[in-house]
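Step one of this worksheet: look at the structure below.
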Amino acid sequence: MAPVEKSAAKTLPTGVLFALGGGIILSVNDLAIKALSADYPLHQVMLIRAFFGIALVLAVIGLGGTGFRQLLTRRPRAHLLRVAIVMVSNVTYFLGLAALPLADAVAIAFIAPLLVTTMSALILRERVGPHRWAAVVVGLIGVLVMVRPGAGAIQPAALLVLASAVC
């Protein structure tokens, strides 16, 4: 076995566990936002979520080997633009999530990878081969099956989730 293969064999279980953990955490996050938005103003729920998130990120950075130096950037405007886009994405997603059934909101959000592939071809002029376009079409069909657009899913809240996916 080559050294690279041994390294990949060691890190594969860790990667799988991180992927599963991330999926679980995002699902719990969506569930908590949906449940709490019924009794609390959404801006308060988002603020508390942001405080917990920043505390966790600062703890990880503080315990890491490089410390806070890794936060320095030569492109502050680009980072501010990215933060603004992520903020708009979160706000529109959580507003849509509060108003829609959880399954419908998540199904609509699944269009994001399809949009990223399409935008990479249109905006960045990346080459997207026929296999990837086929995957995009199959993914779009999957989203349409889950959302059932004729069943009243096209409403203002659904457009908020779609705007989030675009961001």
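Throughout, read-outs are computed from the coordinates displayed, never taken from laboratory work. Keep in mind it's a predicted model, so treat the numbers as computed, not measured. Here the Cβ is made from the backbone with ideal geometry for all residues, glycine too, and neighbour counts use every protein chain on show.
Is the range 157-165 home to any residue that is out of contact with any helix residue (DSSP H, G or I) (no Cβ under 7 Å at 6 or more places or on another chain) and surrounded by 11 or more Cβ atoms within 10 Å (Cβ to Cβ)? First the steps, then the outcome.
Of all residues in the range 157-165, those out of contact with any helix residue (DSSP H, G or I) (no Cβ under 7 Å at 6 or more places or on another chain) come to 159.
Subset that is surrounded by 11 or more Cβ atoms within 10 Å (Cβ to Cβ): 159.
Yes, that holds for at least one residue.
If only one of VAL88, VAL138, VAL147, VAL106 is loosely packed, with under 15 Cβ neighbours inside 10 Å, β-branched (Val, Ile, Thr) and under 22 Å from LEU31 (Cα atoms), which one is it? Reasoning before the result, please.
Values: VAL138 fails: under 22 Å from LEU31 (Cα atoms); VAL147 fails: loosely packed, with under 15 Cβ neighbours inside 10 Å; VAL106 fails: loosely packed, with under 15 Cβ neighbours inside 10 Å.
Residue meeting the stated conditions: VAL88.
Just to be sure I understand, how many residues within the range 56-70 are surrounded by fewer than 10 Cβ atoms within 10 Å (Cβ to Cβ) and either touching a Lys or Arg at 6+ places or on another chain (Cβ under 6 Å) or part of a helix (DSSP H, G or I) (or both)?
Step one: list which residues in the range 56-70 are surrounded by fewer than 10 Cβ atoms within 10 Å (Cβ to Cβ), which gives 60, 62-63, 65-66, 69.
Next cut, either touching a Lys or Arg at 6+ places or on another chain (Cβ under 6 Å) or part of a helix (DSSP H, G or I) (or both) only: 60, 62-63, 69.
The number of residues fulfilling the criteria is 4.
Starting from the range 67-96, keep only residues that are free of Cβ contacts under 8 Å to residues at least 40 places away in the same chain, then list their pairs with residues that are assigned to a helix (DSSP H, G or I) whose Cβ atoms are within a distance under 9 Å, requiring at least 6 positions of separation or different chains.
Listed pairs, sorted by first residue: GLY67/ILE61; PHE68/LEU58; PHE68/ILE61; PHE68/GLY62; GLN70/ILE61; LEU71/ILE61; THR73/HIS79.
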